[in-house]
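Peer 1: Quick one: structure below, then a few questions.
FYI, it's all coordinate maths here, none of it is from the lab. Computed from a predicted model, the values in this text were never measured in an experiment. Reconstructed Cβ throughout: ideal geometry from the backbone, glycine too, with neighbour counts over all protein chains shown.
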Ligand code: ADP
Ligand code: MG
């Protein structure tokens with residue numbers, strides 16, 4: 001096992017931030033640690049990275065106990081904290097050099113992580129001149145410097161604009177998959193369900209200090225429904241729409257030519273809707289696909305506190 005958490009409880013004064021939490025993560029898995037604000041995600045990550053001691057229970061990372069062998073855990077773990085403190089007056093290269101020196105890492109590694117995290121065009125700049133997205137890349141580059149077996153990323157995309165967000169997600173996915181990092185285990189926290197869908201193999205949902213769901217994405221997607229909202233240029237009979245494969249429900253809420261078609265399949269059904277329109281001489285004016293099930297599940301499990 002790459003990460004083993006056994007009955008971890010953490011109290012801050014009278015408050016239980018984690019309540020008897022257990023899970024294991026295998027080598028090479030990319031796991032989303034999902035939960036609303038205050039659920040206990042950062043607390044768990046701080047315990048796994050040895051920055052915080054648990055009140056009860058035990059945990060091991062890369063085979064080493066966090067309480068007994070914290071140095072070994074740190075050696076094998078790359079950590080991107082929630083509020084990543086960067087020395088903003090330093091140049092990117094200088095900062096990574098300083099980090100490499102602190103941890104006794106060969107300087108040749110700096111160029112590698114700069115290129116791997118897409119920092120090359122910004123490498124000559126001062127950190128304070130970088131956008132939030134590029135600062136996150138510097139944080140990721142730092143976390144990767146010592147070729148860790150386990151990456152722990154605390155809300156790596158929070159505060160990024162939509163383009164930066166997509167880029168950082170791609171980057172994390174690639175780290176999980178690349179040759180060099182073949183067996184890298186990634187645990188990333190987020191409060192966004194779509195983020196888990198975009199990056200992870202598995203999701204662990206935590207709410208008020210307890211785990212409420214632990215399942216592979218494959219398994220989750222099996223029972224998933226998908227709603228395609230489509231507007232045609234003309235009226236369509238419900239019976240005709242029902243001939244499209246996997247249709248389980250058809251709604252025509254506004255009475256206009258807008259239909260909500262629910263499909264019981266994980267397969268993207270938009271092409272079939274296009275084919276239907278084409279075969280019936282209809283034009284599609286609008287089309288949206290909504291995968292509602294995972295989002296709903298998250299809201300239900302975490303009590304929909306917004
Ligand atoms: P998340 O990262 O999921 O938002 P945290 O692990 O940061 O959640 O926090 C879990 C709970 O513990 C919250 O209610 C938070 O207010 C509380 N908490 C976190 N850190 C401290 C601390 N140093 N002292 C007291 N309470 C804390
Ligand atoms: Mg947090």
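Peer 1: Order these by the 10 Å Cβ neighbour count, fewest first: 83, 278. Could the numbers behind the result be given before it?
Peer 2: Numbers: 83 8, 278 11.
Ranking 83, 278 by Cβ neighbours within 10 Å, fewest first, gives 83, 278.
Peer 1: Starting from 0.36 nm per residue, how many nanometres of slack lie between residue 14 and residue 194 once their C-alpha separation is accounted for?
Peer 2: Numbers: separation 180, 0.36 × 180 = 64.80 nm, distance 3.37 nm.
In short, 61.4 nm is gained.
Peer 1: When a footprinting reagent is the concern and you count Cβ atoms within 10 Å, what order do 117, 102, 4, 24 take, fewest first? Could you put the intermediate results ahead of the total?
Peer 2: Details: 117 24, 102 9, 4 16, 24 13.
In increasing order of surrounding Cβ atoms, one gets 102, 24, 4, 117.
Peer 1: Moving to a separate point now. Quick one: among 233, 154, 207, which has the greatest mean-square fluctuation in a GNM of the chain with alpha-carbon springs under 10 angstrom?
Peer 2: 233
Peer 1: Now for a different question. With no solvent and one point on each alpha carbon, what is the Debye value of log10 I(q)/I(0) for segment 57-127 at q = 0.11, 0.28 Å⁻¹?
Peer 2: Computed log10 I(q)/I(0) values: -0.36, -1.28.
Peer 1: In whole Å, how far is the Cα centre of segment 75-111 from that of segment 1-63?
Peer 2: So the two Cα centres are separated by 25 Å.
Peer 1: Name the residue, out of 254, 32, 176, whose mean-square fluctuation peaks in a Gaussian network model built on the chain with Cα pairs under 10 Å.
Peer 2: 254
Peer 1: Suppose R0 equals 51 Å; then what is the FRET efficiency for residue 55 and residue 284 from their Cβ-Cβ distance, rounded to the nearest 0.05?
Peer 2: Details: r = 57 Å, r/R0 = 1.12.
The formula returns an efficiency of 0.35 here.
Peer 1: Still on this structure, please answer the following. Over the Cα atoms of the chain, compute the convex hull volume and normalise it per residue, giving Å³. Write out the running numbers ahead of the final one.
Peer 2: Numbers: hull volume 48.9 nm³, N = 306.
Once divided by residue count, the hull of the chain is 160 Å³.
Peer 1: Which value at 222 nm does the chain reach when only helices count, each DSSP H run of 4 or more adding -39,500 (n - 2.57), with the total divided by all residues and rounded to the nearest 500 deg cm²/dmol?
Peer 2: -9500 deg cm²/dmol
Peer 1: Can I ask one more? Between residue 91 and residue 265, what is the spin-label point distance in nm, taking each point 7 Å from the Cα along the Cα→C-beta axis?
Peer 2: With each label placed 7 Å out from Cα toward Cβ, I get 5.6 nm.
Peer 1: In the Gaussian network model of the chain, springs joining C-alpha atoms below 10 Å, which of 242, 74, 99 carries the largest mean-square fluctuation?
Peer 2: So, out of 242, 74, 99, the one fluctuating most is 242.
Peer 1: Now for a separate question. Quick one: what does P(r) look like for segment 14-117 with 10 Å bins over all Cα pairs, in whole %?
Peer 2: So the P(r) values, bin by bin, are 12, 36, 34, 17, 2.
Peer 1: Mind sorting 232, 274 by how few other Cβ atoms lie within 10 Å of their own Cβ, fewest first? Spell out each step's value before the answer.
Peer 2: Numbers: 232 21, 274 13.
Fewest to most other Cβ atoms nearby, the residues stand as 274, 232.
Peer 1: On the Cα set of segment 151-306, report Rg and Dmax in Å, please.
Peer 2: Final numbers for Rg and Dmax: 19.0, 56 Å.
Peer 1: Restricting to segment 3-220, what percent of DSSP beta bridges are antiparallel, rounded to 5?
Peer 2: Values: 21 of 39 bridges.
Bridges in segment 3-220 that DSSP calls antiparallel: roughly 55 percent.
Peer 1: Suppose we take every Cα in segment 7-62 and form the convex hull; what volume per residue is that in Å³? Numbers along the way, then the final one.
Peer 2: Numbers: hull volume 4.6 nm³, N = 56.
In segment 7-62, the Cα hull volume divided by residue count equals 83 Å³.
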